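Asks: Before I ask anything, let me first share the structure, which is written out below as structure tokens.
The values are calculated or read from the model by the stated rules, or taken from the named source; none is laboratory data. All values derive from a computational prediction rather than experimental measurement. Quick reminder, even Gly has a Cβ in these numbers, built from the backbone with ideal geometry, and neighbours come from all protein chains shown.
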Amino acid sequence: MPDLVVRALRVWLEGAFRPAQVQVSGGAVTGILPFEPPVAGAVTLPDDEVLLPGLVDSHVHVNEPGRTAWEGFTSATRAAAAGGVTTIVDMPLNSIPPTTTVEALELKTDATIGKLTADVAFWGGAVPGNLGSLKALHDAGVRGFKAFLAPSGVDEFEHLPEELLEPALAEIAAIGSVLIVHAEDPSHLHEAHGGSYDDFVASRPPISERNAIAHVIDAMRVTGARAHILHVSAADSLDLVREARAEGLPLTVETCPHYLTLRAEDVPTGGTQFKCCPPIRDGANQDLLWEAVLDGTFDAIVSDHSPSTADLKRGDFGSSWGGIAGLQLGFTVVWTEARRRGLPLDAILPLFTTGPARVAGLAAGVIEVGAPAHLVAFAPDDEWVVDVRALEHKNPISPYDGARVTGLARSVWLRGEPIVERGLVSRAGTGRTILPEAEGA
Ligand SMILES: [Zn+2]
């Protein structure tokens, strides 16, 4: 007898929906059976739910240890689960210490004990101080290395000056890892001249993203390294990405829900909950980002969940913390916008599943025999209004507060065990860290 069988008319299998029964034993998928006849004891989803693989979010700032007041493993993984995300990859900052040494990775994994509701993998950091010793961190299990080309926003995580980009990529190539890059060229950034949103956007112009991406591509060509561009906001830099790929360079690229769903012209006066770097740009730019979603330019849509405490998020657009809290809402808000644009769920699903899994080298985001049984019963037509106080995020600050959205993760299973029921986290603490020895778990 299998431990669980979930039966649905629309199951996301090999990149398409079809009717099926998914059989689970020992935490893994053990069979994909035809929809008929029903297996005894099968859980049949109602017709308004689709069965998805657990979503993957490869860009989350958990901030623990050190800045646990900003988020933390307990709250972040509960928020992930409630949003249908069963695997997150933690960024090497803004925890203290940042994940730039093996000791720091150990402190971080120690800090997860007993707290995980979703699975967590880890990015390391590439900073001027640890170049030359990345292999040890790679061997300890980080999925790749994050570098900033402009100041990161926290003092303890230094950015790579332009002359260190090529050596960093050469080292990454030698160990067979990937450099994931916050691509803004500091020579095109300036202090915001006033406190308005327009002043802030003007201080981080599209050319800063374009130039930084060009630097990465040039250095990839010399070193042969794999690189990934994080959170692209300026659509006019994407032609560089398309050309680099046409040339055969192993370049991947992501964007974020806030760039696809929020627009500069709608940011309210003083609305610093909308502040992030690079910034949310205008609606014309957003339309071009959506074209890039549809033409396959983007590999992943990931939250870049980067909250802080309320006091740091206050003030004007020059001084407040730059980061958006969106882990629990990412898939729902992008689906809401996709639907408004007349697009099917199929159009965005790879960017929330296999896409980010591939970026991070993870065997997640699929329903197939042998895969861990991370499953989501998603109700694409459920309409609800975001109440920031009801979210699992630690700090109740979100640009989506009060938004009417469509789509809810009603049930989530982690390794075949229910962790979300009727849209609420029902079981915490069964998530795991994903490190080399636990691969595929
Ligand atoms: Zn980030």
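Asks: May I ask you to verify whether Thr44 is hydroxyl-bearing (Ser, Thr, Tyr) and either within 16 Å of the ligand (Cβ to nearest atom) or buried (at least 16 other Cβ atoms within 10 Å of the Cβ) (or both)?
Replies: So Thr44 does not fit the description; no.
Asks: Follow-up question, since we're still on this one. Quick check on region 26-41: of everything there that is farther than 18 Å from Val376 by Cα and of a type outside the set (Gly, Ala, Ser), which residue is farthest from the ligand (Cβ to nearest atom)?
Replies: If we take residues in region 26-41 being farther than 18 Å from Val376 by Cα and of a type outside the set (Gly, Ala, Ser), then Pro37 is farthest from the ligand (Cβ to nearest atom).
Asks: Have a look at Val253, Val232, Val222 and point out the one that is in a strand (DSSP E or B), of a type in the set (A, V, I, L, M, F, W, C) and touching a helix residue (DSSP H, G or I) at 6+ places or on another chain (Cβ under 7 Å).
Replies: Working: Val232 fails: in a strand (DSSP E or B); Val222 fails: in a strand (DSSP E or B).
Being in a strand (DSSP E or B), of a type in the set (A, V, I, L, M, F, W, C) and touching a helix residue (DSSP H, G or I) at 6+ places or on another chain (Cβ under 7 Å) holds for just one of Val253, Val232, Val222, which is Val253.
Asks: Next question, about the same structure. For region 409-429, give me each residue that is surrounded by 22 or more Cβ atoms within 10 Å (Cβ to Cβ), within 27 Å of Gln273 (Cβ to Cβ) and not small (Gly, Ala, Ser).
Replies: Val412, Val420
Asks: Under 6 Å between Cβ atoms, which residue pairs at least 6 apart in sequence (or on different chains) link something in region 215-228 that is free of Cβ contacts under 8 Å to residues at least 12 places away in the same chain with a partner that is surrounded by fewer than 21 Cβ atoms within 10 Å (Cβ to Cβ) and in a helix (DSSP H, G or I)?
Replies: From residues that are free of Cβ contacts under 8 Å to residues at least 12 places away in the same chain, there are no pairs.
Asks: From the list Thr297, Thr332, Thr336, exactly one residue is in a loop (DSSP other than H, G, I, E, B) and among the β-branched types (Val, Ile, Thr). Which is it?
Replies: Residue meeting the stated conditions: Thr297.
Asks: Okay, moving on. If you go through region 47-65 one residue at a time, how many are of a type in the set (Gly, Ala, Ser) and away from the ligand (no atom under 16 Å from the Cβ)? Working first, answer last.
Replies: Step one: filter region 47-65 for residues of a type in the set (Gly, Ala, Ser), giving 54, 58.
Among the residues that remain, those that are also away from the ligand (no atom under 16 Å from the Cβ) are: 54.
Of the residues in that region, 1 qualify.
Asks: Still on this structure, please answer the following. Select from region 198-236 the residues that are among the polar types (S, T, N, Q) and buried (at least 22 other Cβ atoms within 10 Å of the Cβ) and write down the one among them that is farthest from the ligand (Cβ to nearest atom). Lay out the reasoning, then the answer.
Replies: Narrowing region 198-236 to residues among the polar types (S, T, N, Q): 203, 208, 211, 223, 233.
Retained after the next criterion (residues that are buried (at least 22 other Cβ atoms within 10 Å of the Cβ)): 208, 233.
Working: Ser208: 16, Ser233: 12 Å.
So the residue we want is Ser208.
Asks: In region 339-374, what count of residues is obtained for those that are under 21 Å from Arg7 (Cα atoms), of a type in the set (A, V, I, L, M) and part of a loop (DSSP other than H, G, I, E, B)?
Replies: Summing the residues that are under 21 Å from Arg7 (Cα atoms), of a type in the set (A, V, I, L, M) and part of a loop (DSSP other than H, G, I, E, B) in region 339-374 gives 6.
Asks: Whether any residue in region 75-85 is more than 16 Å from the ligand (Cβ to nearest atom), under 15 Å from the mean Cα position of the chain (by Cα) and in a loop (DSSP other than H, G, I, E, B) is what I want to check.
Replies: Yes: region 75-85 contains one or more residues that are more than 16 Å from the ligand (Cβ to nearest atom), under 15 Å from the mean Cα position of the chain (by Cα) and in a loop (DSSP other than H, G, I, E, B).
Asks: Quick check on my filter: what residues within region 104-134 are free of Cβ contacts under 8 Å to residues at least 60 places away in the same chain and among the acidic types (Asp, Glu)?
Replies: Those that are free of Cβ contacts under 8 Å to residues at least 60 places away in the same chain and among the acidic types (Asp, Glu): Glu106, Asp110.
Asks: Within region 167-182, identify whether any single residue is modelled with pLDDT of 95 or more, under 21 Å from Thr101 (Cβ atoms) and either aromatic (Phe, Trp, Tyr) or assigned by TED's automatic domain parsing to the domain that holds Arg432 (or both), and answer yes or no.
Replies: No, region 167-182 contains no residue that is modelled with pLDDT of 95 or more, under 21 Å from Thr101 (Cβ atoms) and either aromatic (Phe, Trp, Tyr) or assigned by TED's automatic domain parsing to the domain that holds Arg432 (or both).
Asks: Any residue at all in region 280-287 that's in contact (Cβ under 8 Å) with a residue 12 or more places away in the chain, within 16 Å of the ligand (Cβ to nearest atom) and of a type in the set (A, V, I, L, M)?
Replies: Looking for residues that are in contact (Cβ under 8 Å) with a residue 12 or more places away in the chain, within 16 Å of the ligand (Cβ to nearest atom) and of a type in the set (A, V, I, L, M), one finds at least one in region 280-287, hence yes.
Asks: Being out of contact with any His (no Cβ under 9 Å at 6 or more places or on another chain), at pLDDT 95 or above and more than 20 Å from Glu392 (Cα to Cα) is the filter here; which residues of region 291-334 pass it?
Replies: Result: Glu291, Ala292, Val293, Leu294, Asp295, Gly296, Thr297, Phe298, Ile301.
Asks: Could I ask something else about it? Is there any pair linking a residue in region 38-62 that is part of a strand (DSSP E or B) to one that is polar (S, T, N, Q), with Cβ under 7 Å and at least six apart or on different chains, and which?
Replies: Pro53/Thr353; Leu55/Thr86; Leu55/Thr353; Val56/Thr87; Val56/Thr353; Asp57/Ser303; His59/Ser303; Val60/Ser303
Asks: Can you work out which of the residues in region 105-125 that are in contact with a Ser or Thr (Cβ under 8 Å, 6 or more places away or on another chain), assigned to a loop (DSSP other than H, G, I, E, B) and more than 16 Å from the ligand (Cβ to nearest atom) is nearest to Pro356 (Cα to Cα)?
Replies: Per the criteria, the residue is Ala118.
Asks: If Thr354 satisfies every condition in (1) closer than 29 Å to Gly322 by Cα; (2) in the same structural domain as Leu33 (by TED's automatic domain parsing); (3) not aromatic (Phe, Trp, Tyr) but one, which is the exception?
Replies: (2)
Asks: Using the structure shown, decide if Val102 is at pLDDT 95 or above, buried (at least 24 other Cβ atoms within 10 Å of the Cβ) and either more than 13 Å from the ligand (Cβ to nearest atom) or of a type in the set (A, V, I, L, M) (or both).
Replies: No.
Asks: For region 1-18, what are the residues that are loosely packed, with under 14 Cβ neighbours inside 10 Å and at pLDDT 95 or above?
Replies: Here is the first cut: in region 1-18, the ones loosely packed, with under 14 Cβ neighbours inside 10 Å are 1, 14-16.
Selection gives Glu14, Gly15, Ala16.
Asks: Another question, then. Among the residues that make up region 311-319, is at least one of them among the basic types (Lys, Arg), more than 16 Å from the ligand (Cβ to nearest atom) and either in contact with a Leu (Cβ under 7 Å, 6 or more places away or on another chain) or free of Cβ contacts under 8 Å to residues at least 40 places away in the same chain (or both)?
Replies: Scanning region 311-319, I find no residue that is among the basic types (Lys, Arg), more than 16 Å from the ligand (Cβ to nearest atom) and either in contact with a Leu (Cβ under 7 Å, 6 or more places away or on another chain) or free of Cβ contacts under 8 Å to residues at least 40 places away in the same chain (or both), so the answer is no.
Asks: Anything in region 392-441 that is assigned to a strand (DSSP E or B) and on the phi > 0 side of the Ramachandran plot? List them, or say none.
Replies: Across region 392-441, the qualifying residue is only Gly407.
Asks: Inspect region 359-371 for any residue being within 16 Å of the ligand (Cβ to nearest atom) and modelled with pLDDT of 95 or more and give the result as yes or no.
Replies: Yes: one or more hits.
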